Every structure is written in structure tokens, then in C-alpha cells.
1. Could you list, ordered by first residue, the pairs with Cβ atoms under 6 Å in which the first is in segment 159-171 and among the hydroxyl-bearing types (Ser, Thr, Tyr) and the second is at pLDDT 90 or above, at least 6 apart or interchain?
2. Can you find even one residue in segment 71-93 that is under 17 Å from the mean Cα position of the chain (by Cα), farther than 18 Å from residue 106 by Cα, open to solvent by less than 20 Å² (accessible area, probe 1.4 Å) and among the aromatic types (Phe, Trp, Tyr)?
3. Just need a number here: residues in segment 37-53 that are surrounded by fewer than 13 Cβ atoms within 10 Å (Cβ to Cβ) and either among the basic types (Lys, Arg) or touching a Gly at 6+ places or on another chain (Cβ under 8 Å) (or both).
4. Determine whether residue 126 is at pLDDT 90 or above, touching a strand residue (DSSP E or B) at 6+ places or on another chain (Cβ under 6 Å) and not hydrophobic (A, V, I, L, M, F, W, C).
5. Would you mention how many residues in segment 34-51 are in contact (Cβ under 8 Å) with a residue 40 or more places away in the chain and either small (Gly, Ala, Ser) or in a helix (DSSP H, G or I) (or both)?
6. Which one of 108, 147 is aromatic (Phe, Trp, Tyr), farther than 28 Å from residue 39 by Cα and surrounded by 14 or more Cβ atoms within 10 Å (Cβ to Cβ)?
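The values are calculated or read from the model by the stated rules, or taken from the named source; none is laboratory data. No experiment lies behind these values; they were computed from the predicted model shown. Heads up, the Cβs are rebuilt from the backbone with ideal geometry, glycines too, and the neighbour counts pull from every protein chain shown. Remember, those area values only see protein heavy atoms, side chains included, never the ligands or the DNA or RNA. Shrake-Rupley method; radii C 1.70, N 1.55, O 1.52, S 1.80 Å.
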Amino acid sequence: MVIFLKKLGFGCMRLPMLEGSEKQVDIEQTKRMVDRFMGAGFNYFDTAHGYISKKSEPVVKECLTSRYPRNSYILTDKLTSGYFKTKEDIRPLFKSQLEACGVDYFDFYFLHSLDAGHLDLVERLGCFELLKGLKREGKTRFCGFSFHDTADVLEEILKAHPEMEYVQLQLNYLDWESS
């Protein structure tokens, strides 16, 4: 069973880089960050194939999954439309993500950054069905999508796909107006 220990996640989209380098993640610093996060009782980690120029997933393996028991953390990864063109591209991509992260399954796997512009592609290629298949196979525990558009587009997706188990919404405090 997936249990969130605390309501905060460790995002792996931006990690510390070695001084003087924009291309190499500071692995030792990231390990210390992961250890501190886990030590404080947090356990949710979020990555995606394209984060940090495709370095995020291997860093997750090196700093988290190779160092902690699989049942001690929750790992999310994403299917991003920019990394596949055909339905046949998706399964190999998914397999490479599992391998890069060093796990046999993801706790959460979702369609990344859905908006009106990406919706047609994921519908045409059967991505919602694919996610449900991955869940049936035990390759993900939950399937859903991250969303970056207007409320009416969100409602359209949810009506068409009530089987999706969650939606990750992008919220930015800097976008909020204070009254």
C-alpha cells in the first residue's frame, strides 16, 4: 500500500549542479538532500524523463533507489509526449524509465503536462488505455495526468476519462493575487 508520510514531495526537476558545471548533477549533495528528506519522514519523489537534460532518472537511481528499500519511498514518473511519436515508441520508453530509475514499478505514472495541444496526440495513440494496461500489469500502482491548461479543458479530460485516479495541478504561489 502506498502511504504518504508527509504532504511534501521531493521534485527532481532541479537538482544541485557541480560548481562551474551546468551539465553535471552534484551527486554527493543530492544524496545528502535525499537522506535529509527521508530522515525527516518524507517519502514522495517526482521525476520525469526529460528533467535535467535526461539526467534526473539516473540520479534518482544513484541517490535514492539503490540506497533505500523499495517500500520506503513513493516514486512518480511521467510519459511526456515529446519523447514518443508512435504508439510503438511508448513501451520501450517506459521500460527505459524503469531501468534508469532502478525500479520494477512506479507508484504513480502519468501523462505529463496535458493541455489542449497535447490531448489529441495522447488520445490518438491510446495513452490513457496504455496507462490502465500498465496498472493491470503491476508496472504502476496508480495512473493519472499532470495538467497545465484551463478549467474547461480539465473538465473535458475528466469527463472523457473518469478512470484516471489523480490529477497533478501546477500551482505557483507567485501567480496568486493577495487580497
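1. 166/144
2. yes
3. Matching residues across segment 37-53 total 0.
4. No: the conditions fail for residue 126.
5. Residues that pass the stated criteria total 1.
6. Unique residue meeting the criteria: 147.
Residue-by-condition table, conditions (1) out of contact with any Ser or Thr (no Cβ under 8 Å at 6 or more places or on another chain); (2) assigned to a loop (DSSP other than H, G, I, E, B):
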{"residue": "14", "(1), (2)": "yes, yes"}
{"residue": "19", "(1), (2)": "yes, yes"}
{"residue": "22", "(1), (2)": "yes, yes"}
{"residue": "31", "(1), (2)": "yes, no"}
{"residue": "53", "(1), (2)": "yes, no"}
{"residue": "57", "(1), (2)": "no, no"}
{"residue": "64", "(1), (2)": "yes, no"}
